[in-house]
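Q: I have a structure here, written as structure tokens, and I will follow up with some questions on it.
The values are calculated or read from the model by the stated rules, or taken from the named source; none is laboratory data. Everything quoted here is computed from the prediction, not taken from an experiment. A quick note on method: Cβ atoms are made from the backbone with ideal geometry, for glycine too, and the neighbour counts reach across all protein chains shown. Ligands, DNA and RNA are excluded from the accessible area calculation, which covers all protein heavy atoms including side chains. Shrake-Rupley method; radii C 1.70, N 1.55, O 1.52, S 1.80 Å.
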Amino acid sequence: MPLPPPRPHQALTASASLRQLLDSLSREQRRNQELLASLGFALRSFTNLNRFLELVPLVSSRLVGAEASLLVVFHPDGRLWREHTQASPAPRSGELVRLLGELDLPAGLAEEEEVSQLDLQVRRLLGEVQLFGTSVVARNRARGRLYVFGSAEGLTWSDVHRRHVQLVADLTGVAIETEMLQEDRRRHERLDRQLNTGAEIQAQLLPDHCPVIEGVELAARCRPAFEVGGDYYDFIPTRPQLSGRRRETSRWALVMGDVMGKGVPAGLLMTLLRGMLRAEVLSGHAPDRILHDLNELAQEDLAHSHRFVTLFYSDFDPRSRVLRYANAAHNPPLLWRHQRHGVERLDAPGLLIGLQPEAQYGCERVLLEPGDVVLYYTDGVSEALGLTGERFEEERLQRHLGEACRAGKSAQGVLDALFERLDRFVGADRQLSDDASMVVLKVREEVMLPTLPG
């Protein structure tokens, strides 16, 4: 027999129930949209990561109708980040976070196997509850774990609930990654300020101008590869010596050095050696003795840093035009002879500063004639890489030095011409791979009368 048609009051009751269900779903949908919109607004405007993370468990539990929620945040090195771990509701959150911090959690929480261990630990901590967890991920790196849970009776996780929790987890990952990027930016800004300060200090330690020495012209330039470099040059007046009853004119020490390496460590070591060297120069000893004593003084400091120093030390007597020199394995300066239009190398035997104690150094001397030019330089010049991968090399440097000297350029003109050639070789838009420094000494070509003692 066919079923009897529904009575009018039954039809009205079913229709009202359906309407109430639709209204309830609509209100729930609007509530969820408002919760997610509030979280999105907080993400766009947050200035304090912890304040934002406090909202995450609260929004998560309300979205899915769970009793509580727990957000576990991983430190960048994989450890539990206790300061950012949050839970709700408030009466239980403090105890829950404290208990979680007391657990024996693995060190690498971001690894897949360790995440499973974390889930087990959290389940033991919470007891008999319905638990759903999902990963907080940003840029393919696990940043944490978000859990929602409640009593085992009557609580199920629908696909909609899972999608909502995952959406909150994704927004949380964006917030954590944003904070990491901002922290990196702040750290780089602090480092840049420190490097700029270091570069300013180092620039003040290098001579800001060349001294006026009788009978010669001087020009110098240092171009660090980074803000702070390991190249060093200096002009130091030596202590005048007594000869009989009169005091001789002071010699001038001309120094060029290079710490193996670049950047801040090399710059700090070169600053240290500068102070030691300036103290040694006041002794008035010959160049070989200066390098020997400097090597002894610097042994301990250089041994701890596992670095060595090349150094060319020379002193020049303006009266006799004699240049004495000793070399601690530095690039030999180039001497362009005006009379024969040829280039010589100024070298003497000697080991790196800091390589071994009681190292011995040779001492040589050369008489500079009017028009002669001496070029001191570091290996950042000769080993500079060109566009084809070829090095600048000493042979090319000798050729360009000869061209500039034959053109009759001043010391500054020679220096400018050599750096112009170097820049053209490397490429206008390319950075030097190492610090590059050059000092040019040119003996004036006019007739020089000896200075009479006062």
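Q: When the residues of the stretch 422-445 are filtered to those that are closer than 20 Å to LEU218 by Cβ and open to solvent by 40 Å² or more (accessible area, probe 1.4 Å), which remaining residue is modelled with the highest pLDDT?
A: ARG444
Q: Further, regarding this structure: Which of the residues spanning the stretch 393-410 are crowded, with 22+ Cβ neighbours inside 10 Å and closer than 24 Å to THR310 by Cα? Reasoning before the result, please.
A: Just the residues of the stretch 393-410 that are crowded, with 22+ Cβ neighbours inside 10 Å, to begin with: 397, 401, 404-405.
Listed by number, the residues that qualify are LEU397, LEU401.
Q: Being among the charged types (D, E, K, R), at pLDDT below 80 and more than 15 Å from ALA169 (Cβ to Cβ), is that true of even one residue in the stretch 63-77?
A: Scanning the stretch 63-77, I find at least one residue that is among the charged types (D, E, K, R), at pLDDT below 80 and more than 15 Å from ALA169 (Cβ to Cβ), so the answer is yes.
Q: Taking the criterion of being surrounded by 15 or more Cβ atoms within 10 Å (Cβ to Cβ), at pLDDT 85 or above and aliphatic (A, V, I, L, M), would at least one residue in the stretch 191-212 satisfy it?
A: Taking every residue of the stretch 191-212 in turn, none turns out to be surrounded by 15 or more Cβ atoms within 10 Å (Cβ to Cβ), at pLDDT 85 or above and aliphatic (A, V, I, L, M).
Q: So which residues in the stretch 258-274 are modelled with pLDDT under 70 and not in a helix (DSSP H, G or I), if there are any at all?
A: Correct list: GLY261, LYS262.
Q: Please specify each residue of the stretch 372-391 satisfying the condition of being modelled with pLDDT under 95 and part of a loop (DSSP other than H, G, I, E, B).
A: Matches in the stretch 372-391: THR378, GLU383, ALA384, GLY386, LEU387, THR388, GLY389, GLU390.
Q: If you take the residues in the stretch 293-313 that are part of a loop (DSSP other than H, G, I, E, B) and touching a helix residue (DSSP H, G or I) at 6+ places or on another chain (Cβ under 8 Å), which one is surrounded by the fewest Cβ atoms within 10 Å (Cβ to Cβ)? Quick ask: steps written out before the conclusion?
A: From the stretch 293-313, those part of a loop (DSSP other than H, G, I, E, B) are 306-308; that's our starting set.
The next check asks that each one be touching a helix residue (DSSP H, G or I) at 6+ places or on another chain (Cβ under 8 Å); those that pass are 307-308.
Working: ARG307: 19, PHE308: 21.
Of everything passing the filter in the stretch 293-313, ARG307 is surrounded by the fewest Cβ atoms within 10 Å (Cβ to Cβ).
Q: Under 40 Å from the mean Cα position of the chain (by Cα) and at pLDDT below 75: which single residue out of PRO91, PRO106, PRO57 fits that description?
A: Of PRO91, PRO106, PRO57, the one residue that is under 40 Å from the mean Cα position of the chain (by Cα) and at pLDDT below 75 is PRO106.
Q: Take the residues in the stretch 115-140 that are touching a strand residue (DSSP E or B) at 6+ places or on another chain (Cβ under 9 Å) and open to solvent by 70 Å² or more (accessible area, probe 1.4 Å); name whichever of them is modelled with the highest pLDDT.
A: Among those that are touching a strand residue (DSSP E or B) at 6+ places or on another chain (Cβ under 9 Å) and open to solvent by 70 Å² or more (accessible area, probe 1.4 Å), it is ARG123.
Q: A further question follows. Report, by residue number, each residue of the stretch 352-371 that is surrounded by fewer than 17 Cβ atoms within 10 Å (Cβ to Cβ), part of a loop (DSSP other than H, G, I, E, B) and hydrophobic (A, V, I, L, M, F, W, C).
A: Once the filter is applied, which keeps residues that are surrounded by fewer than 17 Cβ atoms within 10 Å (Cβ to Cβ), part of a loop (DSSP other than H, G, I, E, B) and hydrophobic (A, V, I, L, M, F, W, C), the stretch 352-371 yields only LEU355.
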